[in-house]
Amino acid sequence: ILPPVIALKLLASIPPEMEACGDLTTPQVTATLIPYMEIVLDTVRRGLTSAETAGPALEALRNWAQTCHITLSHLNSPTCGGTETLLPVLVQILSQPTAQEELLILASRALTEAILVSTDSC
């Protein structure tokens, strides 16, 4: 089993690497990744509970949000049969006056990606 930091860094690299290899079009990359989105969102949510893994978790969220068109509804829906959602965690990070600047930037970029998806039904 990989340490959480490494697992999150690997998750963050999957969407851009798939797009960069050029074997698939962007819609094909999106279609390939969509089945894994719920588990990725759950993994990101769990990664945001630790200062050590928060940065890689937010980077993974931003990259997956860009490629998979993650919406506010996705961020505000429980994952993997649980009851917790990502959106309140992102809002909490963004509202902390003592949060590291890097975390604020990553959280705002991930949230911005979700806001920009026009097909959201929330």
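The values are calculated or read from the model by the stated rules, or taken from the named source; none is laboratory data. Only a predicted model underlies this, so the values are computations on that prediction, with no experimental measurement involved. FYI the Cβ positions are ideal-geometry reconstructions off the backbone, even for glycines, and counts take in every protein chain you see. These area figures cover heavy atoms from the full protein model, side chains too; ligands, DNA and RNA do not enter into them. Shrake-Rupley method; radii C 1.70, N 1.55, O 1.52, S 1.80 Å.
Explain nothing, just the number: dipole magnitude of the chain about its Cα centre with +1 on each Lys and Arg Cβ and -1 on each Asp and Glu Cβ, in debye rounded to the nearest 20.
140
Given an 8 Å cut-off on Cα distances and at least 6 residues of separation, report the relative contact order of the chain as a percent.
Taking the mean separation of contacting Cα pairs over the length of the chain, I get 27 percent.
Where in segment 38-122 are there GluC sites (Glu not before Pro) that are in a DSSP coil and have at most 16 other Cβ atoms within 10 angstrom of their Cβ?
Glu84
Pick out, from Leu72, Val89, Pro3, the residue whose Cα sits farthest towards the positive end of the charge dipole of segment 3-122, with +1 on the Cβ of Lys and Arg and -1 on the Cβ of Asp and Glu.
Val89
Give the residue from Thr119, Gln100, Met18 lying farthest towards the positive end of the charge dipole for the chain; charges sit on Cβ (+1 for Lys and Arg, -1 for Asp and Glu) and the dipole is referred to the Cα centre.
Highest projection toward the positive end goes to Gln100.
Give the dimensionless ratio obtained when the Cα radius of gyration of the chain is divided by 2.2 N^0.38 Å.
1.01
If each DSSP helix of 4+ residues adds -39,500 (n - 2.57) and the sum is divided by the residues in the chain, what number results at 222 nm, nearest 500 deg cm²/dmol?
Value at 222 nm, helices only, nearest 500: -21000 deg cm²/dmol.
How much area per residue is accessible in the chain when the probe is 1.4 Å and only protein heavy atoms are counted (Å²)?
Per-residue accessible area for the chain comes out at 57 Å².
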